[in-house]
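Here the structure is laid out as structure tokens; the discussion comes afterwards.
The values are calculated or read from the model by the stated rules, or taken from the named source; none is laboratory data. Values in this document were obtained by computation on a predicted structure and should not be read as measured data. Cβ placement follows ideal geometry from the backbone for every residue including glycine, while neighbour counts extend to all protein chains displayed.
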Amino acid sequence: MTAIDDLLADARIPTAPHEGFDVGAALRRLAADAAAAATTPNPEIERAAQAGQRLSVVCRWILNRPDAADHVDHLAQDPGTPMNEGHLDVDGALVFACLLHLTDHRESAQFWWQLAAGAGHRAAAYCLHLHHLALGESREARHWLHMVTDDVLDSDAPDSVFLATLEAVATYVRRTGTSQASAPTGGLEMEVDRLATTTTGSCIIVQRPDQQLADSLHDFTRR
């Protein structure tokens, strides 16, 4: 045996089990700990999931309002008009953003919510609050919640009533799992996808609605 063999033999870890160590019990404890970690909800994840559920409820409720299609109709008219506070139907922007969210165009929904919120629409700011909360973006969520509650916003009085209604509806649906507000139909979703595919250049934001989509939304709300 060489000197190297002697050194390796001395360095070898004993293979005999430690006296009194129950391997089976240790494995069972590890399995129990792993199961407990899997079933214990992470507060941040749970809060984000609840915000996402609430946002979907709010969006469906807004989309099913009797005047939703009329506002999108106004937004679709005169596509050459600049989209600013003086020419934008802010309720139409809110409805369109909610439709985009429900059809999985989330980045475009954020853009249209921001347009409406920038024009002082508190319900759009509330949607942005939930949107960022669902993404785990707490700082942005707090910013938009501040915009909802801050008195410096030039907003009509009915908005506070509208927001209270949104909260009541969202809370009711979350507790009961029921809602009378329908999700977008396949035809309406196809109209949104059509608009998304006609976006030109490097812009990835879905363009403003056209009359064809507005007509499809009219059909949806008449059901």
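Set side by side, the residues 75, 94 differ, and just one is surrounded by 24 or more Cβ atoms within 10 Å (Cβ to Cβ), within 21 Å of residue 186 (Cα to Cα) and among the hydrophobic types (A, V, I, L, M, F, W, C), which is 94. Annotation: residue 61 fulfils all but one of (1) over 11 Å from the mean Cα position of the chain (by Cα); (2) surrounded by fewer than 20 Cβ atoms within 10 Å (Cβ to Cβ); (3) free of Cβ contacts under 8 Å to residues at least 60 places away in the same chain; the unmet one is (3).
For residue 10, the conditions (1) within 30 Å of residue 207 (Cα to Cα); (2) at pLDDT below 60 all hold with the exception of (1). Taking the range 109-137 as the range and being of a type in the set (Phe, Trp, Tyr) and surrounded by fewer than 23 Cβ atoms within 10 Å (Cβ to Cβ) as the test, only 111 passes. Restricting 181, 196, 214 to residues that are modelled with pLDDT of 90 or more and small (Gly, Ala, Ser) narrows the list to 214.
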